[in-house]
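Visitor: Supplied in structure tokens, the structure appears directly below.
The values are calculated or read from the model by the stated rules, or taken from the named source; none is laboratory data. Note that the structure is a prediction, hence the values are computed from the model and not measured. As a convention, Cβ positions derive from the backbone with ideal geometry for all residues, glycine included, and neighbour counts pool all protein chains shown. Each accessible area value is taken on the protein alone, full model and side chains, heavy atoms only, with ligands, DNA and RNA left out. Shrake-Rupley method; radii C 1.70, N 1.55, O 1.52, S 1.80 Å.
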Amino acid sequence: MICSHCLKKICIFVSVNLLTDDNIMRILASIILFVLASSALYTESRAQTPDTDRFAERYSLLVSRLGADGVGIETLLDAWEAEDSTDIRLYTARFNYYFAKSRTSSVVTRPERKYLGMEPILHLKDSTGAEVYYYEEYFYSDSLFSLAIKTVDKAMKAWPGRLDVKLMKADALNAYEKGSPDMTSAFLETLAEEYFAGGTQWEYPGDTVNDDFVKSVMQQYCASFFNQGTDNSFAAFRRLAEKMLDLVPEDPTFMADMGSYMLVAGKDYKGALKWYNKVLKVKPDDYTAIKNCILVARRTRNTKLEKKYLAMMAEYGPENERQSAAIRLRAFEKKR
């Protein structure tokens, strides 16, 4: 499970939106959001005792030396459960054990420069001179992964307001589904509905759970789906963005997501422009929306449209972009 401090920094980064200057696919460096190690100890138990704390300390020591699925970990977890089965740290530790145990990594070759959002660990040329890219990919044992999910489901039932526990499940599903995040998106849509319906006292250790926090978390998953770059992940990206717009209408981040979907996955430039203009109605100085409108104008060879958004960039963009926009506008004027 990723620590709340790191999660908050990632969410803030992602909320800027998905499309940048020239490389619209460069969003996040990784898909898996949680760290399998002693992260289980970050969570708090209902009622800590000296004995259960000693188990937590021994667990932390073993994980630091052997990893989350190291020799002796399961035996320790069984003894810990016999001592105190109500400690949430036990559930997250057992989840981490099963999840780590369920996966193995292998180096695979692919012809594409990016695969499931990953950068290659190596690239070479084959006998024909074609580029071959090497990626480290994880594969999962269904039976062990099922035990991990059953464990986190038990924790969710016992602690229904713990958002960090629910996100453990979302992270695991996202990693397991690898480019076809149907279960992940369905789970997140239900989670978003549950949050915005009210009535639950939500908790995320080290952070305050509020609308902005939840929207940032959902945007993080939108970015992950987008970055995976498959037809199924793009569809999941769109579904989650649409769900968030149902719950928080006219939110500029998720309206921009819809524009990104239209632009990249749908190649629907008119539709993309429509969504980006909705963003600019709410936030006239939104840099990403302006930048992508310029991109749409150039792809459609619409000089009039490009000049319109270049003028906005010259007014609202960062210094270097303002200067570039002004230079290009002057170039247009000289051609008249």
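Visitor: What does the extension gain come out to for residue 53 and residue 196, with contour length at 0.36 nm per residue minus their alpha carbon separation?
Guide: Numbers: separation 143, 0.36 × 143 = 51.48 nm, distance 3.53 nm.
Fully extending the segment from residue 53 to residue 196 adds 48.0 nm.
Visitor: Picking from 168, 229, 248, whose Cα lies most toward the positive end of the charge dipole for the range 153-250 (charges on Cβ: Lys, Arg +1; Asp, Glu -1)?
Guide: Result: 168.
Visitor: In addition: Mind listing P(r) for the range 40-174? All alpha-carbon pairs, 10 Å bins, whole percents.
Guide: For the range 40-174, the binned pair fractions read 11, 34, 27, 15, 9, 3, 0 percent.
Visitor: If I build a Gaussian network model for the chain, linking alpha-carbon pairs within less than 10 angstrom, which residue out of 169, 283, 178 has the largest mean-square fluctuation?
Guide: Result: 283 has the largest fluctuation of those listed.
Visitor: Considering only protein heavy atoms and a probe of 1.4 Å, how much of the accessible area of the range 192-258 is carbon and sulfur, as a whole percent? Please list the in-between numbers first.
Guide: On the way: 1010 of 2550 Å².
With neighbouring chains kept in place, the figure for the range 192-258 is 39 percent.
Visitor: Continuing with the same structure: Using a Förster radius of 35 Å, what is the FRET efficiency between residue 105 and residue 211 based on their Cβ-Cβ separation? Nearest 0.05, please. Mind dumping the intermediate values first?
Guide: Details: r = 38 Å, r/R0 = 1.08.
Computed FRET efficiency for residue 105 and residue 211: 0.40.
Visitor: How far apart, in nm, are two points set 7 Å out from the Cα along the Cα-to-Cβ line at residue 74 and at residue 332?
Guide: So the label points at residue 74 and residue 332 sit 6.6 nm apart.
Visitor: Please state the charge dipole magnitude for the chain, taken about the Cα centre, from unit charges on C-beta atoms (+1 on K and R, -1 on D and E), reported in debye and rounded to the nearest 20. Before the final figure, lay out each step's value.
Guide: Numbers: 45 positive and 46 negative charges, 423 e Å.
The calculated dipole for the chain is roughly 2040 debye.
Visitor: Can you give me the distance in nm between label points at residue 285 and residue 134, each placed 7 Å from the Cα along the Cα-to-Cβ direction?
Guide: About 4.9 nm separates the two model spin labels.
Visitor: Points 7 angstrom from Cα along the Cβ direction at residue 61 and residue 141: gap in nanometres?
Guide: Label-label distance for residue 61 and residue 141, simple model: 2.7 nm.
Visitor: If you don't mind, another one. Just the ratio, please: alpha-carbon radius of gyration of the chain over 2.2 N^0.38 Å, N its number of residues.
Guide: Details: Rg = 23.1 Å, N = 336, 2.2 N^0.38 = 20.1 Å.
The chain yields a ratio of 1.15.
Visitor: Here's another thing I want to ask about it. Compute the accessible area per residue over the chain, keeping the other protein chains in place, probe 1.4 Å, unit Å². Write out the running numbers ahead of the final one.
Guide: Details: 16530 Å² over 336 residues.
I get 49 Å² per residue for the chain.
Visitor: May I pose another question? Once the Cβ-Cβ distance between residue 267 and residue 85 is put in as r, and R0 is 51 Å, what FRET efficiency do you end up with, to the nearest 0.05? Each step should come with its number before you reach the end.
Guide: Numbers: r = 54 Å, r/R0 = 1.05.
After rounding, the FRET efficiency stands at 0.45.
Visitor: Same structure again: When the C-alpha atoms of the range 183-244 are aligned to their principal axes, what extent does each axis show, in angstrom, from largest down?
Guide: 36, 22, 17
Visitor: Quick check on the range 215-290: what are the equivalent-ellipsoid semi-axes from the Cα gyration tensor, as sqrt(5λ), descending, whole Å? Could the numbers behind the result be given before it?
Guide: Values: eigenvalues 67, 44, 20 Å².
Semi-axes (√(5λ), whole Å): 18, 15, 10.
Visitor: Over 24 Å between Cα atoms: which of 274/304; 114/308; 114/283; 101/169; 307/334; 274/335 fall into that group? Intermediate values should be presented prior to the final figure.
Guide: Working: 274/304 16 Å; 114/308 34 Å; 114/283 33 Å; 101/169 16 Å; 307/334 13 Å; 274/335 29 Å.
Those over the limit are 114/308; 114/283; 274/335.
Visitor: Are there GluC sites (Glu not before Pro) in the range 81-124 that DSSP marks as loop and that have at most 16 other Cβ atoms within 10 Å, and which are they? Intermediate results must be reported in sequence, preceding the final value.
Guide: Working: sites: 81, 83, 112; in loops: 112.
Those satisfying the criteria are 112.
Visitor: While we're here: Probe radius 1.4 Å, ligands and nucleic acids ignored: give me the carbon and sulfur share of the accessible area of the range 117-191 as a rounded percent.
Guide: Values: 1970 of 3360 Å².
Heavy-atom surface of the range 117-191 belonging to carbon and sulfur, 1.4 Å probe: 59 percent.
Visitor: Then there is this: Which of rounded, prolate, oblate describes the range 141-214, given a ≥ b ≥ c as roots of the alpha-carbon gyration tensor eigenvalues and a/c under 1.5 marking rounded, otherwise prolate only if a/b is larger than b/c?
Guide: prolate
Visitor: At 222 nm, what value in deg cm²/dmol follows for the chain if DSSP H runs of at least 4 each add -39500 (n - 2.57) and the sum is divided by all its residues, to the nearest 500? All intermediate terms of the calculation are to be shown ahead of the outcome.
Guide: Values: 14 runs with 204 residues, N = 336.
Helix contribution divided over all residues of the chain: -20000 deg cm²/dmol.
Visitor: Moving on to the next point. Taking the Cα atoms of the range 157-292 alone, what are Rg (to one decimal) and Dmax (as a whole number) in Å?
Guide: 15.3, 48
Visitor: Same structure again: Quick one: if the Förster radius is 56 Å, what FRET efficiency do residue 300 and residue 150 give, using the C-beta to C-beta distance and rounding to 0.05?
Guide: Working: r = 51 Å, r/R0 = 0.91.
According to the calculation, E is roughly 0.65.
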